[in-house]
Structures are given as C-alpha cells and as structure tokens.
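First comes the structure, then the notes that go with it.
Computed from the coordinates by the stated procedures, all read-outs in this text should not be read as laboratory data. Because the structure is predicted, anything quoted here is derived from the model rather than measured. Positions of Cβ are generated from backbone atoms using ideal geometry, with glycine treated the same way; all protein chains shown enter the neighbour counts.
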Amino acid sequence: MSIFDLFKKKKEELKGTADVSIMPVLPEEIYESAKLELQDIVAPSALKIEPKSINLGDKIARTFFIISYPRYLSDNWFSPIINLDKVFDVSIFIEPVDTSQVLRQFQKKVAEVQSQINTREARGMVRDPMLDTAYQDLESLRDNLIQAQEKLFDVSVYITIYADSDLELFKIENEIKSILEARLIYIKPALFQQDTGFKSVIPIGNDLLKVYQKLNSEPLSSIFPFVSLDLTSDKGILYGVNRQNSSLVIFDRFSLENYNSVTFAKSGAGKSFATKLEILRSLMFDTDVIVIDPEKEYEYLADAVGGRYFNISLSSEHHINPFDLPIPHEDESAEDVLRSNIINLVGLFRLMLGGLTPEEDALVDRAISETYALKDITPDSDFANIEPPLLSDFEMVLGGMEGTDSVMQRLVKYTKGSWSTFLNKPSNVDINKKFVVFSVRDMEDELKPVAMYIVMHYIWTAVRRNLKKRLLVVDEAWWMMKSEDTASFLYSIAKRGRKYYLGLATITQDVADFMRSPYGIPIVTNSSIQLLLKQSPSTIDVVVKTFNLTDEEKYLLLESGIGEGIFFAGLKHVAIKIIASYTEDQIITSDPSQILSIRKAKEEMEEQEGK
C-alpha cells in the first residue's frame, strides 16, 4: 500500500470529522507499508496465465500430469526423467485407499468381468485375451489385498518444466514425452489449469489438481526417484563398500571396454592403500602386476607375496638397456616393431638431452637405425636371437656423423660420466614373476623422469613378448606428465595396452600437473575406472571440471575421510569406502606408526625365537 493510499484510507476513516485536514498519517503505518516481505523477493516481476503455460517473469512454465501406466512398470523407469539435465520440478502425491472399501469395489468389478467372459462363451464367441488378462490381474490383486501383501494408493505425478522460450519449452516437452511413451506411460498438459498445476508442484504439499491413478505397492515403489545405485558385477575384485547402501563394489577391470584406471587423491588420502589392496586381490585372480614405485612404498608388499623388487638408481646393480627389442606379436611385422622402437628411443633421447632441434632429431633417428644395423638388426632379423646394441654403440655411430657435436657433448655423461652405470650396460632385470616392483626413489630427481620412461619402455617391450593378463601400476604419475615425450608414451600404453591384455593404473596426488599436460584428459577418457578420493581445496575445481561433478559430489570429496571418495565405472558412479581385512591391512599399510609397530613386533618375535 502506497503512502497516497494510506492518506486516502485515513481520510475515508475520518470523513465527517471537523479536523480531517490536519490529521497526519502515523509513522508506524508508513513503516508497515514500506516493509519488504519474503514473497516480494522470490515472486516474479509479472505473471501471465495462459491455457497451456504460465509466464513467470522471464521464464515460461508448463505443468503435466501422468494419465496412463502400462500393465507392468519396470524398476527405475522414472530415473531417466529425474536425471535429465533440464530445469524442472516434480511432485508425487500418495494417498492410501481404504482396503475394505476397495475390496467391495473389486468384488463388483470381478463379477462384471466374469459376466462378460461367460456371456461371450454362451454366444460361442472367440475368447478375448484382454478380458482374460484383466480377470487374472483383478483376482491376483484381490488375493494380495486380502492377505495384506499389497495396499492400494491414489497416486498423482506432476511435472513442471521451465524454459526461456516457447521453442525450448517445446523441445523439453517432446524429450520427456518420448522417454515416457517408450515405456507406455502417457502425460498431458493441465489445459486451462496451469495455475492450479503450478501450485500443486511447488513445495507446499497441496494437491490442487487432483488427477490421480490407483496403484498398488509394487508398481508404486518403482516411481520412487531416489534410488541408491548398486555398482557391482558378477565377477571381479572387491574395491570397497557403497557408502549409500552398504552394498559391495565388485568389478573386473578386464571385463570393461578397456582395462585402464586413474586414481586422484591428495597426499594421505589413501590412494596407495587402495592401490595395494587392488594389487593384493588381483594377484589372487591370476593377474601379473608390475609397479613403478617412486617412493619405495611397495617393497614390503613384494616381500610378503614373494615378488621381485628392483631398485633403479645410479649405484644399483640392476640395469636396463633401452635398445632391447620385443619379439613381434602374431599380427605385427619385425619392421613395425623396429620402427616403433626407434620412435620411442628418439623420445627418450629428447628427454635425456633436454630437447632436440629438428636437425638433431633427424640425426638421432638415423643414428639409431644405423646402430641397430651395426649389430645386423634389420626388419628381416629374428629378434629372438639377437644381441641388442648399447648406448656406447650409439655414441660411436653418432660420432661418425657430421653436425652431431652438440648432441655428443650432452650424451657423454650417460656413456662415460657419472650416469653411465645406469644406462650403458646390458639388461639384467628379469620380470618373470607374478609381482614385480621397480623403485626409482633413490634416483636423482633430474633423472627420475628418464628412469621412469626407460622402465616403462622395458616393461612395454616385455609385455609384447608374450600375452598374459597384466596390470601396470604407475604411482605418482605426475612425474611422467612433466615431459611431453613421457606423457605421450604413457598415453600410447593406455591406448594400446588392451591389445596385449594389459591394464594401466595411473595414480597421482598432483592433479593440476597431471591435467595440465595435453595428454591428461585423453588418459582419463581412456580409463574405464576412475577413483577419486579426498581432494584438497586448491585442486577441487580441476577435478570438478574434468569429471563434471555436482556440488554435492564436490563437497563429498572435500569432506571425505581416509579411503573414502567416488568410484566411477563407465557412466555410473557411487560413493565408496575402501576397506581391508586385518591381514590385508598389516601387509599394505603406509601409516608410519603402524609400520613401526609391525617392525617392533617382528623384532620381539625374532628375539624370543633366538632365546
């Protein structure tokens, strides 16, 4: 009410009195007229009601109701509507119906249907399947109602959609209709009742439209939209427990479209624990596991399961020759294998030498080919009976070429300098075990990406020699993503691993560095399984953007405890909690306090045995 209305109202009230002109409007009344109510804030600037829609300011709304259901309703039939990426509201009203009243109506209805069937039989008419089915359904439902196995309800389902234009509203309407009509469920707009329909959908709990269908308990349960998702399969390993309904998250990565996975988590969130648990359980299912370990976290696990542990460093007795060649696969030629290996070696030398100019790149490529030729290794050779060249052979060939002085100066530290013990020796690493770990913790940080590349190259060569079910785990994969050549090689394994029955598991705590690489997103998209554990506030936005998370999922990752997060398999995902048995926990724990207590208990046991 405006101030002018107040003056007018006051004048009317005091009409006939002698001092109308001098009576002021009270301050309290002026204050009350200027107060801002909640409805003034949330209400649209204008409202226009039309036969098939309502204009709410800048938005157009249209309300529908369900008028018909099929004979059977499948589970989760309403989920595609609930999960639509559109703006809409849904209201479901459920009113129980008195069973005794329904039974009296059923008795009459059953008698009517039975009478129609008998009349058709008396006239010699062909049986009507629809009547027979209706009779059977009525009898079955009546029995269930009598035995209190079912109840009957009046159910109203209303949907209000919103759009910025009539065309957009039409498209959303057709999309919803097509989803529902494919399931033989039909809807209609609330013609000339859009205002009533809109009031029935807004969250005030009043069904003003009163358009309902009778449903018994079983089909009614299928409408309930908040279905907790089960993410499990008939075979595989236990990844954890579904935090929504305590069901088991069981999956076999080798049954999916590719065998790769990525794990993102902040330091201390339990990513290594989850990975070790998967390794331990995968070994039980005849899967060979190879780990690149940058922090020496898998040594105890390797000892516990009888695996092999190789410490790759400048002073290590374990050596890997990058010039090793794999035996060609059945569908590969020796020429293809040799060419692929040369390309990978060029990438390695780019990394080792701090980059190459286009001219140097071409010289290195030619020198690698001539180095192999020096050992009589050609596309026609039998790679099973060859002695591969060494880095010193490559240096000798390169020294005989013109324009290689700069490359030679940078290469000498790997052949004659302090780093020569690492690369310039024949391979003496045998990975013919169920579980193999390569540790690069003691390698200098400057050489760590080179070491990881060489180890990956050696593993890839070994994988291609014979076909076996294998899992390659690359912990702290952000080291590999720092260089384009190492990231490219990791991505090529992610793409080609399926052909050789190899699954790649990449684990990282530095999500920003991983995703900053041009190969970060391709590796994620080529991974059928993704595990997101607790995230830090500084990287959560990158994770949300990459995985298209909702606000609820974002806060779930920020507030998760150790070993808690979200597990993705294909298009489905659930909240997960990683759990382990006591024995598993003792083998795989990374908690320093637990490790110290285990060591102490072991020492005490050894002392008692010595006595």
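Points worth noting:
- Nearest-0.05 FRET efficiency for K171 and M125, computed from C-beta distance (R0 45 Å): 0.40
- Hits among aspartates and glutamates - C-alpha to C-alpha of K210 under 15 Å, sequence gap 8 or more where chains match: E95, D154, D195
- Per-residue 3J(HN,Hα) values for segment 170-180, derived from phi via the Karplus relation 6.51 cos²θ - 1.76 cosθ + 1.60 with θ = phi - 60°, read 5, 5, 5, 4, 5, 5, 5, 4, 5, 5, 6 Hz in sequence order (x marks Gly and Pro).
- Annotation for segment 391-415 versus segment 154-212: alpha-carbon center distance of 75 Å.
- Long-range amide H partners of F435 with built H, under 5 Å: V289, R308
- Across K276/K434; K271/K499; K271/K534, pairs whose alpha-carbon gap is larger than 19 Å: K271/K499
- Under 20 Å of direct C-alpha separation, and excluding same-chain neighbours fewer than eight residues apart, K108 reaches these lysines: K151, K214.
- Spin-label model, L571 to L314: label points 7 Å out along the Cα-to-beta-carbon direction sit 5.4 nm apart.
- The chain gives an Rg/Rh value of 1.17, both radii derived from C-alpha positions and Rh following Kirkwood.
- With semi-axes defined as the square roots of five times the eigenvalues of the C-alpha gyration tensor, the equivalent ellipsoid of segment 483-547 measures 22, 14, 9 Å, largest first.
- Value of Rg to Rh for segment 48-223 (Rh from inverse mean 1/r over Cα pairs, i.e. Kirkwood): 1.06
- DSSP bridge pairs, the chain: antiparallel proportion in percent, nearest 5: 65 percent
- Cα centre as origin, Lys/Arg/Asp/Glu Cβ charges: segment 74-190 dipole, Debye: 560 debye
- Ignoring aspartates and glutamates fewer than eight residues from K602 along the same chain, the ones with Cα atoms less than 20 angstrom from its Cα are E297, E299, D303, E584, D585, D591.
- The spacing between segment 566-583 and segment 38-87, judged by their C-alpha centroids, is 35 Å.
- Stretchable slack from E50 to D442, in nm (0.36 nm times residue separation minus alpha-carbon distance): 133.6 nm
- Positive-end extreme of charge dipole, the chain - chosen from I67, L504, M515 (charges on Cβ): I67
- Pairs beyond 18 Å (Cα-Cα), from K296/K425; K296/K600; K448/K482; K266/K577: K296/K425; K296/K600
- Added length on full extension, which subtracts the Cα-Cα distance from 0.36 nm per residue, E257 to K545: 101.3 nm
- Taken about its Cα centre, the chain carries a charge dipole of roughly 1720 debye when the Cβ of each Lys and Arg holds +1 and the Cβ of each Asp and Glu holds -1.
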